[in-house]
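Here the structure is laid out as structure tokens; the discussion comes afterwards.
The values are calculated or read from the model by the stated rules, or taken from the named source; none is laboratory data. Owing to the predicted nature of the structure, the values given are computational and were not obtained by experimental measurement. Cβ placement follows ideal geometry from the backbone for every residue including glycine, while neighbour counts extend to all protein chains displayed. For accessibility, only protein heavy atoms count, side chains too; no ligands or nucleic acids. Shrake-Rupley method; radii C 1.70, N 1.55, O 1.52, S 1.80 Å.
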Amino acid sequence: MYLGAIEAGGTKFVCAIGDRDGNVHERVTFPTTTPEETFGQVIEFFNHYDVKAIGIGTFGPVDLNRKSRTYGYITSTPKPYWSNVDFVGAITKHFDVPIGFDTDVNAAALGEQLWGAAKGKNSCIYMTVGTGIGVGAIVEGRLVHGLLHPEMGHILVRRHPNDEFAGSCPFHGDCLEGMASGPAIEKRWGKKGAELSDRADVWELEAFYLGQAIAQYILILSPEQVIVGGGVAHQPSLLPLVRRYVLDCLNGYVQHAAILQHIDDYIVLPGLGDNAGICGALALAKQALEK
Ligand code: ADP
Ligand code: ZN
């Protein structure tokens, strides 16, 4: 039995066919252009398969409230052509199957809980550090939604005393995303992250911000597993530094062996690697089918 999965990003869309065990059988990738053109390609791909449900993990912000008139929409994104776009409607018009719809990071958190680094745990957070910073959370076995959905990438962070970078967030300037996203790194240092591997100061500062943020997520949500993905997490020296800053920030206050003794297993890369996003969408399809 086939399930469909859509990982919708601001630069590219990934569509896949998979199964209930998280295996991806077929996939295609295409650039995100206009909604008309991009949805056209999505529909063309799924037309070749008899999928029983489709999961969508998307960039946002999105309306996840099933009672809302604009449920299933991408809402106020600054991305040209994509604000107030009815994503779920565009898919259900062509496929009469259950649809799972959530943010890209909530999807990834669910995928990691089902099949990845948080397998068997009742709570986790999935943080992506890429073009933006986003965090999905599972608390007491359920994805956190609330009013809209959490936006933990935009929390305020304490500025490093030697950091004069103004920050790159169009809404907040020096929020976490403004200080530590991939584009923030590039703006501050004049080069892309991947070209700065030999600069210890770059990753020290990056970890200073990410560590603060993760410490706050731990204090607020008490997750049993912290997963850090996204392009910037590919930087090999980063995660060990992040763990150190998390320990510094918490300063022994959260008394649990997972943090005090086993932090290398507590703050980890995605178990599903670069498939976290698409497997997350598959997990949403599985969940939609079972509901
Ligand atoms: P998106 O967030 O658009 O889905 P990614 O998660 O791949 O995409 O993140 C892209 C960002 O990650 C870019 O800003 C890029 O410069 C940065 N990046 C990619 N690879 C690396 C790397 N090895 N080290 C540091 N930064 C990287
Ligand atoms: Zn912000």
Can you list, largest first and rounded to whole Å, the semi-axes you get for the chain by taking the square root of 5 times each eigenvalue of its Cα gyration tensor? 32, 21, 17
Could you look at the chain and say what percent of its accessible area is carbon and sulfur, using a 1.4 Å probe and all protein chains? 50
For region 112-161, which trypsin sites (Lys or Arg not before Pro) are both in a DSSP coil and crowded by at most 15 other Cβ atoms within 10 Å? Lys119, Lys121, Arg158, Arg159
Using just the helices of the chain, give the 222 nm mean residue ellipticity in deg cm²/dmol: DSSP H runs with n ≥ 4 each add -39,500 (n - 2.57), and the total is spread over all residues, rounded to 500. -10000 deg cm²/dmol
Using alpha-carbon coordinates, inclination of helix 35-46 to the longest axis of the chain, degrees: 70
Residue-normalised value, i.e. accessible area per residue, for the chain at 1.4 Å probe, in Å², stands at 47
Relative to the compact globular guide of 2.2 N^0.38 Å, what is the alpha carbon radius of gyration of region 120-269, as a ratio? 1.00
Rounded to the nearest 10, the angle in degrees between the Cα long axis of helix 238-250 and the longest principal axis of the Cα atoms of the chain comes to 70
Treating the angle as unsigned and between 0 and 90°, give the value, to the nearest 10°, between the Cα long axis of helix 200-221 and the longest Cα principal axis of the chain. 70
Around Gly280 (Cβ within 11 Å, Cβ-to-Cβ, excluding Gly280; K/R +1, D/E -1) the net charge comes to -3
Need one number: % antiparallel among DSSP beta bridges in region 120-269, to the nearest 5. 60
Cβ-placed point charges (K, R +1; D, E -1), dipole of the chain about Cα centre in debye, nearest 20: 420
Determine the distance separating the Cα centre of region 219-245 from the Cα centre of region 259-291; give it in Å without decimals. 14
Run through region 141-243 and list the chymotrypsin sites (Phe, Trp or Tyr not before Pro) located in a DSSP loop whose Cβ has at most 12 other Cβ atoms within 10 Å. Phe171
Past 19 Å, Cα to Cα, is the threshold; run Lys12/Lys191; Lys12/Lys79; Lys12/Lys121; Lys52/Lys291 against it and keep the listed order. Lys12/Lys191; Lys12/Lys121
Quick one: divide the alpha-carbon radius of gyration of region 53-207 by 2.2 N^0.38 Å and tell me what you get. 1.18
What is the Cα centroid distance between region 32-93 and region 1-17, reported in whole angstrom? 11
For region 125-176, which GluC sites (Glu not before Pro) are both in a DSSP coil and crowded by at most 10 other Cβ atoms within 10 Å? Glu140, Glu164
